[in-house]
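**Q** I am attaching a structure below and will ask some questions about it afterwards.
The values are calculated or read from the model by the stated rules, or taken from the named source; none is laboratory data. A quick note: this is a predicted structure, and the numbers were derived from the prediction, not measured. Glycine also receives a Cβ, built like all others from the backbone with ideal geometry; neighbour counts cover every protein chain displayed.
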Amino acid sequence: MVSAPTLAEEILELKTQRRAIILAHHYQEPEIQDLADSIGDSLELARTAQKFQGDVIAFCGVRFMAETAKVLNPERVVVVPDRNAGCSLVDSCPVEAIRAFRRRNPDHVIVSYINTSVEVKAESDILCTSRNAVAVVNSIPSDRPILFLPDINLGNYVKNQTGRKNMEIWQGACIVHATFPARRLTAARAEHPQALVAAHPECPGDVLRMADFIGSTSAIIDWCTKQPASEFIVMTESGVRYSLERLSSGKKFYFVANENCNCSECPYMKLNTLEKLARCLETLEPRIELPADIMQRALVPLQRMLAVK
């Protein structure tokens, strides 16, 4: 008797039928990461999407990431497992407010974190990710004033790293990283005195000041993997544990709970499931559909970001 295919096997069969690629952020559940063709942070996944030659992109992350893939692949179908997988940073930065700022300050260069809506990207001069934000800001002539949006913590970190004085910063924040309290990190360091601290730059400044390393999700993984130390306190979304343990066998990773949910999980990232992934590959819904003119305008700052080394 032939056993029925598992859900994972169904997804892989659908992927073949659709000539699809599955992209997954490091914050996704392990069972999704196991099926992904590429796992990465925002910059890595944007580069992978840029090179894709198939028909369908199934993006397991949050909506702004899938929108970015669509901008880079306007002729291809881009689907997401859950339409409601949003982002607090996107919500903190409505496009009308950015248009109003542009009208008042036509001399400013608008540098937008990739965690923004496609409409905001279309109003921007250049994009960045947490991995290349410092390099992007350094690529702008020093006499040009900058508006950096929307993450206040990343913006302050970049301003400190670049020494940029003429840089205004939007007041947005990530509901996960911004609510990591320094007192809990202090307690974790006391409990694990041999552990090194790796932090994402979306964390508050008092957390970053205690870190041994500051970097994007993938940069944190790379750093922890290469360090001879065996214990780490990781100040980012706890979904990264799977990649860390897969690449760093024998090392221990500790995560600090934030104030919002007494955990370190992104509720939006965790909306995606295997069942929803299978359904979106089968039905090609929910599908990312964007106006052509918005995609064309958003592509310009996106390509400028991808050109920065």
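**Q** Just checking, which of 74, 81 is touching a residue at least 40 places away in the same chain (Cβ under 8 Å), surrounded by fewer than 16 Cβ atoms within 10 Å (Cβ to Cβ) and more than 12 Å from the chain's Cα centre (by Cα)?
**A** Working: 81 fails: surrounded by fewer than 16 Cβ atoms within 10 Å (Cβ to Cβ).
Selected residue: 74, the only one of 74, 81 that is touching a residue at least 40 places away in the same chain (Cβ under 8 Å), surrounded by fewer than 16 Cβ atoms within 10 Å (Cβ to Cβ) and more than 12 Å from the chain's Cα centre (by Cα).
**Q** Residue 224 is checked against (1) within 22 Å of residue 44 (Cα to Cα); (2) surrounded by fewer than 19 Cβ atoms within 10 Å (Cβ to Cβ); (3) not polar (S, T, N, Q) and fails just one. What number does that condition carry?
**A** The failed condition is (2).
**Q** Which pairs have Cβ atoms under 9 Å, sit 6 or more apart or on different chains, and link a residue in region 262-288 that is at positive phi to one that is part of a helix (DSSP H, G or I) and modelled with pLDDT of 95 or more?
**A** Cβ pairs passing all conditions: 284/18.
**Q** I would also like to ask the following. Show me the helices (runs of 4 or more DSSP H) entirely contained within region 138-209 in which 1 or more residues are closer than 23 Å to residue 115 by Cα and not assigned by TED's automatic domain parsing to the domain that holds residue 95.
**A** Once the helices (runs of 4 or more DSSP H) in region 138-209 are filtered for at least 1 residues that are closer than 23 Å to residue 115 by Cα and not assigned by TED's automatic domain parsing to the domain that holds residue 95, what remains is 205-208.
**Q** Of a type in the set (Phe, Trp, Tyr), touching a helix residue (DSSP H, G or I) at 6+ places or on another chain (Cβ under 6 Å) and at pLDDT 95 or above, is that true of residue 180?
**A** No: the conditions fail for residue 180.
**Q** Any residue at all in region 40-63 that's hydroxyl-bearing (Ser, Thr, Tyr), closer than 25 Å to residue 308 by Cβ and modelled with pLDDT of 95 or more?
**A** No, the conditions are met nowhere in region 40-63.
**Q** While we're here: Only one residue in 279, 297 is among the charged types (D, E, K, R) and more than 25 Å from residue 36 (Cβ to Cβ). Which one?
**A** Step by step, each of 279, 297 is checked, and only 297 is among the charged types (D, E, K, R) and more than 25 Å from residue 36 (Cβ to Cβ).
**Q** Here is a further query. Over 21 Å from the mean Cα position of the chain (by Cα), among the hydrophobic types (A, V, I, L, M, F, W, C) and either in a strand (DSSP E or B) or under 13 Å from residue 169 (Cα atoms) (or both) - does that describe any residue in region 116-133?
**A** At the first step, the residues of region 116-133 found to be over 21 Å from the mean Cα position of the chain (by Cα) are none.
No - not one qualifying residue is present in region 116-133.
**Q** Same structure again: So residue 241 clears everything in (1) outside any loop (DSSP other than H, G, I, E, B); (2) among the charged types (D, E, K, R); (3) farther than 23 Å from residue 182 by Cα except one condition, right? Which one?
**A** So residue 241 meets the others, but not (3).
**Q** Kindly indicate whether any position in region 110-127 is surrounded by fewer than 21 Cβ atoms within 10 Å (Cβ to Cβ), of a type in the set (Phe, Trp, Tyr) and either touching a helix residue (DSSP H, G or I) at 6+ places or on another chain (Cβ under 8 Å) or touching a residue at least 24 places away in the same chain (Cβ under 8 Å) (or both).
**A** For region 110-127, residues surrounded by fewer than 21 Cβ atoms within 10 Å (Cβ to Cβ), of a type in the set (Phe, Trp, Tyr) and either touching a helix residue (DSSP H, G or I) at 6+ places or on another chain (Cβ under 8 Å) or touching a residue at least 24 places away in the same chain (Cβ under 8 Å) (or both): absent.
**Q** Looking at region 244-271, which of its residues are of a type in the set (Asp, Glu) and part of a helix (DSSP H, G or I)? I'd like the intermediate steps shown before the answer.
**A** Keep residues of region 244-271 that are of a type in the set (Asp, Glu), which gives 245, 259, 265.
Once the filter is applied, which keeps residues that are of a type in the set (Asp, Glu) and part of a helix (DSSP H, G or I), region 244-271 yields only 245.
**Q** From 67, 10, grab the single residue that is part of a helix (DSSP H, G or I), within 27 Å of residue 222 (Cβ to Cβ) and in contact (Cβ under 8 Å) with a residue 12 or more places away in the chain.
**A** Result of the check over 67, 10: 67.
**Q** Separate question: Filtering region 5-47 down to residues that are exposed (fewer than 15 other Cβ atoms within 10 Å of the Cβ) and among the polar types (S, T, N, Q), which residue is farthest from residue 75 (Cα to Cα)?
**A** Taking the candidates together, the pick is 6.
**Q** Restricting to region 6-51, what's the tally of residues that are of a type in the set (S, T, N, Q) and in contact with a His (Cβ under 8 Å, 6 or more places away or on another chain)?
**A** 2
**Q** What about residue 219, is it among the small types (Gly, Ala, Ser) and part of a loop (DSSP other than H, G, I, E, B)? Reasoning before the result, please.
**A** Details: among the small types (Gly, Ala, Ser): yes; part of a loop (DSSP other than H, G, I, E, B): no.
Spelling it out, it is not the case that residue 219 is among the small types (Gly, Ala, Ser) and part of a loop (DSSP other than H, G, I, E, B).
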